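Structure, as structure tokens:
The values are calculated or read from the model by the stated rules, or taken from the named source; none is laboratory data. In this text, all values refer to a predicted model and were calculated from it rather than measured experimentally. Note: ideal-geometry Cβ built from the backbone for every residue, glycine included; neighbour counts use all protein chains shown. Quick note on the areas: whole protein, heavy atoms, side chains included, nothing else; ligands and nucleic acids left out. Shrake-Rupley method; radii C 1.70, N 1.55, O 1.52, S 1.80 Å.
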Amino acid sequence: MSTQMSHGFAAISILALFALTGLPPASAQSQTNPVPLINLPLVPTAVAPGGPSFILTVNGTGFVASSTVYWNGSALATTYVSGSQVTAQVPASNIAAAGTATIKVLNPEATTNATSNLVFLPLNVPIGSVPLVPGAGGRGNAGGGGDPVAADFNGDGIIDIVTVSYDSMSGYIALGNGDGSFQTPQPFSIGAANSFPEWAVAGDFNGDGRLDLAIANWNSSVPTPVASTVSILLGNGDGTFQPPQQYLESPGQDNSGDRLVVGDFNNDGNLDVAVSHVGGGISVLLGNGDGTLQPPILVPTTHQVTALATADFNSDGRLDLAVVGDYSNASILLGNGDGTFQSPQPLSPAISPNSVVAEDLNGDGKVDIAIGNRCGSDPNCLIEGTISVFLGNGDGTFRPRTDYAAGYVLESFIAVDLNNDGRVDLVSASYCGALGGPYCAKNGIIGFDDVSVLLGNGDGTFQPELVPDYASQGSMGPPYPLIAADFNGDGRLDLAGGYSDGVTVLLQTTLGISSTALTFASQNVGSTSSPQPATLTNVASQGTLSISNTEVTGFNAGDFSITSTCPQGLPPTQQCQVNTVFNPTAAGVRTATVTITDSAVGSPHAITVSGTGVAAPAVTLSSTSLTFAGQTAGITSPPQALTLTNSGSATLTISSIATAGEFPEWNNCNASLAPGASCKITTVR
């Protein structure tokens, strides 16, 4: 199989981290409680540091009355709501500083614990933009092959990356340094010769509190046919793994192994594996709880399966599957709770589906499905790829799809709150280097790899792609899968994409801007608006951010002015404000840019400002009072006059001029006064 083939479910590489830290080892016996599964998003999806205590809501499957939510390995006071929801009280001390918390749910047993997948909760302020820049070292800086998995494999609290390489038939682990860079990748064996690894997922398969790996291996027919297998590599907890144990993925000598997901498909408290067949069907290998797997259960499908995701779509407490394949089909398989599944129920994606994500995209507590379509509705890949969103009804059925443009040629995507605003976003990775031609040209580049961000509205709909897209490191192969994790510990999720020659990391910048676009209401020419603030935050947990200059630039720069509370050095996690006011000098749309030069990645940063100047008259008097000297009765004083000027930008209409009391007046003012024109009003006593 060529490594150019599209890879499937992108999010499971991060979300299915069935980790356990500092807990007693498990026995191999069957468990009473199921292994819980957390569905994203958490509620809230992100938290600003320095705030009060709050309630964290965790939705998913397999929760029991004794379920406990863990925050960075420490138990929280947890309330059981239902089998699909628990809540936990998070003390203010847990969110005192920026960073990223790891969240899991534990179902305790007498001798062991069934532990959920590990998910991330960023601790940082929301920002209006998603500034991404390549991590230190560029391509290959985080692994020796594609298909990355992000987790803490050596227990130091820093995210590492494991990759498997089809080309080298090996696995690699790159330990994180905590600043977005990684140590030199170290290789490890994945199994017998002619086993080509295609997909890896982390999980604790033997209950010892250490992360293990499950790897789907494609077979080779040269020189001798080898059956497709699943490799289990038990972790030592220090970033190394024990020798792989391989299990037949299907009974025949075929090359069917491709993607895999993990979950407790028979609710026995042990982690199981489901593997897709590109020739059609799925194999479920039930876990024994000691790191070994049972023979495969074959689950038939009506089409090939090249990507799959798992969640409880019909709220019955049993894990189901969403599968795509053939570049034309998608379906739902409801679980029976014993490792078998019901007949597939078809979905209707756009042409060329190749990846699938199962998350709650609209915050209603029901799992939705998003399907990545490699080439949108065009079988020849002449237009952008799309993401089809199917909002779930909670009973295993879904509403009609909505499609969103998302890059050429879409290879993988994830659903994650990338800008900490409490709304799930869609982030896709695309590849076009091998196709060439004008339909692969974007921003003047022929052949590119890029990342597209579609910010979520919170209701299951999404905004158009942010422009420009975020270019990665050139046309070296499909960027699959795309994963998100906080690689530099600043409380913002970063991105990583796997390539045939390594992994590219894109880091979010350390300067958070509350809004990167300020729009003012219509303002009379010559008048000044109320200020609009933009809050700047040093989102780093350590290191002062230097702000060297803040200015207004652009064609209408003279129509806007700023004041700033920002010091030259902004300490970690601290905020300051840049306030902009609008004083239009002419009618019409006026635009400019507030440019901030700083030491953060991606400097200079920009805030676009715009408003509409409205032509309007304005009255200016040469004096606001007239004082007469004492005057003999019956004698008229010398006249005094004042000048009325239309200082506005439109014609002034004068309906009347009058005085009160013993002050008759006369004037030379007409019924209308042009902009800039004046007239005289005279009075006596």
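Identify, from the list Gly634, Gly588, the residue that is on the phi > 0 side of the Ramachandran plot and out of contact with any Ser or Thr (no Cβ under 8 Å at 6 or more places or on another chain).
Details: Gly588 fails: out of contact with any Ser or Thr (no Cβ under 8 Å at 6 or more places or on another chain).
Result of the check over Gly634, Gly588: Gly634.
Considering every residue within the range 640-649, establish whether at least one is within 19 Å of Asn524 (Cα to Cα), of a type in the set (Val, Ile, Thr) and open to solvent by 50 Å² or more (accessible area, probe 1.4 Å).
No, the range 640-649 contains no residue that is within 19 Å of Asn524 (Cα to Cα), of a type in the set (Val, Ile, Thr) and open to solvent by 50 Å² or more (accessible area, probe 1.4 Å).
Enumerate the strands (runs of 3 or more DSSP E) found wholly within the range 77-123, keeping only those where 3 or more residues are surrounded by fewer than 22 Cβ atoms within 10 Å (Cβ to Cβ) and of a type in the set (Phe, Trp, Tyr). Steps first, please.
Working: elements: 77-82, 85-90, 99-108, 113-115, 119-123.
Strands (runs of 3 or more DSSP E) meeting the threshold: none at all.
Could you tell me whether any residue of the range 177-188 is of a type outside the set (Phe, Trp, Tyr), at pLDDT below 90 and open to solvent by less than 10 Å² (accessible area, probe 1.4 Å)?
The answer is yes, given that some residue of the range 177-188 is of a type outside the set (Phe, Trp, Tyr), at pLDDT below 90 and open to solvent by less than 10 Å² (accessible area, probe 1.4 Å).
Pairs please, first residue from the range 179-198 and farther than 16 Å from Phe241 by Cα, second anywhere and at pLDDT below 80 and part of a strand (DSSP E or B), Cβ atoms under 6 Å, 6+ apart in sequence or on different chains.
Going by the 6 Å Cβ cut-off, the qualifying pairs are Phe196/Trp218; Glu198/Trp218; Glu198/Asp258.
Within the range 315-366, track down each residue that is of a type in the set (A, V, I, L, M, F, W, C) and either under 17 Å from Ser428 (Cβ atoms) or at pLDDT below 95 (or both).
Those that are of a type in the set (A, V, I, L, M, F, W, C) and either under 17 Å from Ser428 (Cβ atoms) or at pLDDT below 95 (or both): Val323, Val324, Ala330, Leu347, Ala350, Ile351, Val356, Val357, Ala358, Leu361.
Out of (1) touching a Ser or Thr at 6+ places or on another chain (Cβ under 7 Å); (2) of a type outside the set (A, V, I, L, M); (3) within 27 Å of Ser561 (Cβ to Cβ); (4) free of Cβ contacts under 8 Å to residues at least 60 places away in the same chain, the odd one out for Asn583 is which?
Asn583 satisfies every listed condition except (4).
Quick one: Gly634 ticks every box in (1) outside any strand (DSSP E or B); (2) surrounded by 13 or more Cβ atoms within 10 Å (Cβ to Cβ) except a single one, so which number is it?
(2)
Can you name every residue in the range 416-458 that is more than 13 Å from Pro41 (Cβ to Cβ), at pLDDT 60 or above and out of contact with any Ser or Thr (no Cβ under 9 Å at 6 or more places or on another chain)?
If the condition is that a residue be more than 13 Å from Pro41 (Cβ to Cβ), at pLDDT 60 or above and out of contact with any Ser or Thr (no Cβ under 9 Å at 6 or more places or on another chain), then Leu455, Asn457 are the ones that fit.
Can you name the residue in the range 277-309 that is open to solvent by 10 Å² or more (accessible area, probe 1.4 Å) and of a type in the set (Ser, Thr, Tyr) and, of all such residues, is nearest to Trp218 (Cα to Cα)?
Top of the filtered list is Thr306.
Could you grab me the full set of residues in the range 468-499 that are out of contact with any Leu (no Cβ under 9 Å at 6 or more places or on another chain) and modelled with pLDDT under 60? Reasoning before the result, please.
Kept after step one, since they are out of contact with any Leu (no Cβ under 9 Å at 6 or more places or on another chain), are these residues of the range 468-499: 468-469, 471, 473-481, 489, 499.
The answer is Pro468, Asp469, Ala471, Gln473, Gly474, Ser475, Met476, Gly477, Pro478, Pro479.
If Gly73 passes every condition in (1) touching a helix residue (DSSP H, G or I) at 6+ places or on another chain (Cβ under 9 Å); (2) open to solvent by 30 Å² or more (accessible area, probe 1.4 Å); (3) free of Cβ contacts under 8 Å to residues at least 60 places away in the same chain; (4) of a type outside the set (A, V, I, L, M, F, W, C) but one, which one does it miss?
All conditions pass for Gly73, except number (1).
Exactly one of these conditions fails for Ala592: (1) of a type in the set (A, V, I, L, M, F, W, C); (2) touching a residue at least 60 places away in the same chain (Cβ under 8 Å); (3) touching a Gly at 6+ places or on another chain (Cβ under 6 Å). Give me its number.
Here Ala592 meets the rest and fails (2).
List the pairs whose first member sits in the range 546-564 and is at pLDDT 95 or above, whose second member is open to solvent by 60 Å² or more (accessible area, probe 1.4 Å) and acidic (Asp, Glu), and whose Cβ atoms are under 9 Å apart, counting only residues at least 6 apart or on separate chains?
The qualifying pairs are Ala557/Glu551; Ile562/Glu551.
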